[in-house]
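Below is one structure; the comments refer to it alone.
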Amino acid sequence: MLDVLLQVAADPTVSWRAVELAGRGISADAAGTLWTLSEKQRTTSAEELADLLMEQADIVDALTAAWRSFGDGELSKEQFESRLEGAVRGLEEWLARVSGA
């Protein structure tokens, strides 16, 4: 996810709103990584942790597909921005849910 978000932030063709969303996504991704590393040392079962990480992977897959489609010209800037916003919100909501924040 971080790779795609960094690409978005550095792309001169996206809107400033997309750059802002990418920044939020980078922050949420970092927080999710820290949560995952700390959660591995807690009592969450491997199965529960795997389920949570699969949810996160679904968000990453959706963002990656949107970025690829935007690069291929299949999505407009507005369509991509909408999908980016959905992915970032999804990641933030996932993080809030799993971390209890």
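Since every read-out is calculated from the coordinates, none of them should be taken as a lab result. It should be emphasised that the depicted structure is a prediction, and the values quoted were computed from it without experimental measurement. Cβ atoms come from the backbone with ideal geometry, glycine included; neighbour counts cover every protein chain shown.
Which whole-number value in Å³ per residue fits the convex hull of the alpha carbons of the chain?
Values: hull volume 8.5 nm³, N = 101.
So the per-residue Cα hull volume is 84 Å³.
Contour minus end-to-end for residue 37 and residue 85, with contour as 0.36 nm per residue of separation and end-to-end as the Cα-Cα distance?
Values: separation 48, 0.36 × 48 = 17.28 nm, distance 2.56 nm.
Gain in length upon complete extension: 14.7 nm.
Electrostatic bookkeeping for residue 55 treats Lys and Arg as +1 and Asp and Glu as -1; over the other residues with beta carbon under 12 Å from its beta carbon, the sum is -4. Between residue 72 and residue 9, residue separation times 0.36 nm minus the direct Cα-Cα distance comes to 20.9 nm. Full extension of the chain segment joining residue 61 with residue 48 gains 2.7 nm, where the gain is 0.36 nm per residue of separation less the Cα-Cα distance.
Note on the chain: GNM, Cα springs under 10 Å; of 36, 13, 64, the largest mean-square fluctuation is that of 13. Per-residue ellipticity at 222 nm from helix content only, as computed over the chain with -39500 (n - 2.57) for each DSSP H run of at least four residues, stands at -28000 deg cm²/dmol.
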